[in-house]
């Protein structure tokens with residue numbers, strides 16, 4: 001697939017509805033233990049990123065925005081056993097990110113953390129790719 005430089009508002013809105021529905025379904029099912037919550041929402045980060053998988057990386061920037069944070073989270077979840085690796089060339093400063101993770105921290109998202117991350121991510125998609 002070619003790199004994508006523009007997403008329709010319909011695609012962003014549809015993604016937002018899917019994310020909200022999945023989050024609501026988790027809550028309606030009782031949520032479960034902290035381990036179940038972390039497993040579910042860690043996987044939701046991977047799903048969120050996948051909706052916009054082929055985005056042009058140059059448009060994403062390297063300024064530590066929520067798109068960068070999701071990219072690093074996905075890499076850390078899939079390639080570093082769920083331990084946050086840090087950003088490499090990206091300018092992620094923990095105090096300026098949504099989740100505030102430091103390199104070496106375990107990634108254990110909560111419902112609230114995921115909502116904040118998804119909202120920031122989708123706002124950046126709208127600002128940079130619409």
Exercise for review: Would you tally the residues in region 19-56 being more than 14 Å from the chain's Cα centre (by Cα), touching a residue at least 24 places away in the same chain (Cβ under 8 Å) and either on the phi > 0 side of the Ramachandran plot or part of a helix (DSSP H, G or I) (or both)?
Suggested key: 6
Review point. If you scan region 37-58, which residues turn out to be more than 24 Å from residue 104 (Cβ to Cβ), at pLDDT 95 or above and surrounded by fewer than 20 Cβ atoms within 10 Å (Cβ to Cβ)?
Key: 47, 50, 51
Check your understanding: Being in a loop (DSSP other than H, G, I, E, B) and out of contact with any helix residue (DSSP H, G or I) (no Cβ under 9 Å at 6 or more places or on another chain), is that true of even one residue in region 84-101?
Key -> yes
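Here are 118, 123, 127, 66: which of them is surrounded by 15 or more Cβ atoms within 10 Å (Cβ to Cβ) and without any contact (Cβ under 8 Å) to a residue 60 or more places away in the chain?
When all the criteria are applied, what remains is 66.
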Check your understanding: residue 108 fails exactly one of the following numbered conditions: (1) in contact with a helix residue (DSSP H, G or I) (Cβ under 9 Å, 6 or more places away or on another chain); (2) crowded, with 18+ Cβ neighbours inside 10 Å; (3) within 26 Å of residue 20 (Cα to Cα). What is the number of that condition?
Key -> (2)
Revision key, fill the gap. Among (1) surrounded by 13 or more Cβ atoms within 10 Å (Cβ to Cβ); (2) modelled with pLDDT under 95, residue 29 falls short only on (1)
Check your understanding: Hey, among the residues in region 73-102 that are surrounded by 14 or more Cβ atoms within 10 Å (Cβ to Cβ) and more than 17 Å from residue 38 (Cα to Cα), which one's modelled with the highest pLDDT?
Key -> 97
Study note, to complete from the structure: For region 109-128, the count of residues that are in a helix (DSSP H, G or I) and over 15 Å from residue 50 (Cβ atoms) equals 12
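The values are calculated or read from the model by the stated rules, or taken from the named source; none is laboratory data. Quick caveat: nothing in here was measured; it's all calculated off a predicted structure. When we count neighbours, we look across all protein chains shown, and the Cβ atoms used for this are built from the backbone with ideal geometry, even at glycine.
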